[in-house]
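Please treat every number below as a calculation from the coordinates, not as lab data. All values derive from a computational prediction rather than experimental measurement. We place every Cβ from the backbone using ideal geometry, glycine too, and count neighbours over all the protein chains shown.
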Amino acid sequence: MTHADSPTPGLTTEPHGKAVVVRVTGDIDMSNSDTLREHCLELLDAGTTGLVLDFSGVSFFASSGIAALGHIRTHNAELGRRPVHVVASRQVRRSLELVALDKLLPLHDALEDALAAVEADAS
């Protein structure tokens, strides 16, 4: 999926080897967190096994984003898949650490690190 046909502005999806990267920019709040959750669940239900959420361009991460990410993580675990990897901006990292989601989701500082982790998980 390219930016032109993405379900919401600031959300793009692209394959990277064994991973599918969902890149989000701007804010994640009540106006778009459901779209993010639904989009990721569709990818997982379609068979995606190496999901990377790139939040490095996210400037605001509301509690609705945390809830969406928790739902994505739970659905992925129920499917028996490898972990969802998250590239986190400082704001996102702080939010996830406050609710201990950093203990359940591998957090990375750079997309390259997350992609390498997906490759390692697939081995």
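For this structure, a couple of remarks:
- At least 30 Å along the helix axis (C-alpha) and Kyte average at least 1.6, DSSP helices within the chain: none
- Cα→Cβ-extended label distance, 7 Å offset, between Asp113 and Ala100, nm: 2.3
- Extension gain, Ala122 back to Arg90 (0.36 nm per residue minus Cα-Cα distance, nm): 8.8 nm
- Rg ratio (alpha-carbon, reference 2.2 N^0.38 Å) - region 3-122: 0.94
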